[in-house]
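In what follows, a structure is listed as structure tokens, so that the remarks can point back to it.
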Protein chains: 2
Amino acid sequence: MNPPPKTAAGTRTLSGPAGCEESLRHCDAALVRAFGFLGKRWSGVILGTLANGESGFADLKRRVEGISDSVLSDRLAELQGAGLIVRSVESGPPVSVSYALSESGRALMPAMFELSAWAAKNLPDAR
Amino acid sequence: MNPPPKTAAGTRTLSGPAGCEESLRHCDAALVRAFGFLGKRWSGVILGTLANGESGFADLKRRVEGISDSVLSDRLAELQGAGLIVRSVESGPPVSVSYALSESGRALMPAMFELSAWAAKNLPDAR
DNA sequence: CAAGTAACTCTGTTTTTCGAAGTTACATGT
DNA sequence: ACATGTAACTTCGAAAAACAGAGTTACTTG
């Protein structure tokens with residue numbers, strides 16, 4: 001998605017260097033990919049929580065209120081697979097596992113800040 | 001979520017003017033609210049698609065590839081309820097309905113642009 | 001008047017997400 | 001020594017969400 005490159009008349013397009021050359025304006029492959037992750041329950045919140053610092057499984061579960069063990073486990077595996085977070089085992093004793101944002105995970109944070117600021121202004125509360 | 005206000009030692013916090021006064025760093029109520037919508041399948045993509053201009057139900061369904069009628073219908077109702085999009089009926093004939101971003105919906109777009117840019121760089125493809 | 005399009009809704013099936021319990025490994029208290 | 005506790009998960013059956021596809025109503029076009 002590129003900042004709308006205003007066309008002559010009201011017909012705005014998204015087309016940029018790398019996509020959506022067709023005149024149909026339904027693309028934005030990158031956004032679709034982003035929401036392949038973020039469009040799943042909890043992913044965004046987990047990422048946002050990890051912005052506060054790394055934490056272990058049990059700790060994360062406490063910080064992300066309402067998530068279940070199995071879903072937390074699934075999400076961590078997905079995010080890890082996508083390279084957004086890093087799982088590291090500190091081989092104790094006691095052994096402990098901790099999850100933290102990776103380089104690309106950290107690169108997401110500016111967008112998260114904006115999202116959060118937007119929500120603060122535009123989603124009053126009681127949805 | 002606020003840009004991390006570095007604390008003395010490694011303990012970063014998110015606490016800002018309006019939330020998370022407690023020392024537990026698991027808050028960010030605004031982000032959680034944002035993902036109450038965006039964390040559902042299709043919501044983000046629908047919003048991103050509407051950034052290209054308003055469109056009717058059938059048109060949207062074509063532009064958001066893969067969505068089903070019933071889910072599109074649900075999402076439009078939700079987004080409308082939250083005031084992110086506006087449904088307007090142009091009473092023809094032929095009568096037609098069209099959906100467009102509202103003021104707050106448009107306010108989300110800068111965050112979407114960032115998200116998209118991030119995905120373009122950090123989510124190569126084939127997930 | 002037959003066919004098509006828009007905008008949905010309804011129904012039944014598949015996929016996700018859920019809470020709760022179970023597992024393995026180590027640590028601590030008594 | 002042994003019961004208890006914590007961390008890190010996995011497994012299971014049930015509830016909720018998403019899906020595909022058929023049906024509905026209203027209006028237009030050939």
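The values are calculated or read from the model by the stated rules, or taken from the named source; none is laboratory data. Remember, it's a predicted structure, so these values are computed and weren't measured experimentally. Here the Cβ positions follow ideal geometry from the backbone for every residue, glycine too, while neighbour counts run over all protein chains shown. Ligands, DNA and RNA are stripped out before the accessible areas are found, and what is left, the full protein with its side chains, is counted by its heavy atoms. Shrake-Rupley method; radii C 1.70, N 1.55, O 1.52, S 1.80 Å.
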* To do: Keeping all protein chains in place, calculate the accessible area per residue for the stretch A:41-122 (probe 1.4 angstrom), answer in Å².
  => 45 Å²
* Structure fact -> Violations at 23 Å Cα threshold for listed pairs A:K121/B:K61; A:K61/B:K121; A:K121/B:K40; A:K121/B:K121 -> A:K121/B:K61; A:K61/B:K121; A:K121/B:K121
* To do: May I ask you to list the GluC sites (Glu not before Pro) in the stretch B:65-127 that are in a DSSP loop and have at most 13 other Cβ atoms within 10 Å of their Cβ?
  => B:E65
* Asked: When the Karplus curve 6.51 cos²θ - 1.76 cosθ + 1.60 is applied with θ = phi - 60°, which whole-Hz ³J(HN,Hα) does each residue of the stretch B:53-61 get, with x for Gly and Pro?
  -> x, 5, 6, x, 4, 5, 5, 4, 4
* Cut-off 9 Å between beta-carbons: net charge of the residues surrounding B:I67, Lys and Arg +1, Asp and Glu -1 -> +1
* To do: Just add up the charged neighbours of A:E90: K/R +1, D/E -1, any other residue whose Cβ is under 15 Å from the Cβ of A:E90.
  => -1
* Asked: Chains B and A: how much accessible area gets covered up at their contact, both sides added, probe 1.4 Å, in Å² to the nearest hundred?
  -> 4900 Å²
* **Projected label distance in nm at B:D59 and A:A100, using a 7 Å step from Cα toward the beta-carbon** => 4.9 nm
* Asked: For A:S102, what is the net charge nearby, where nearby means another residue's Cβ is under 14 Å from its Cβ and Lys, Arg count +1, Asp, Glu -1?
  -> 0
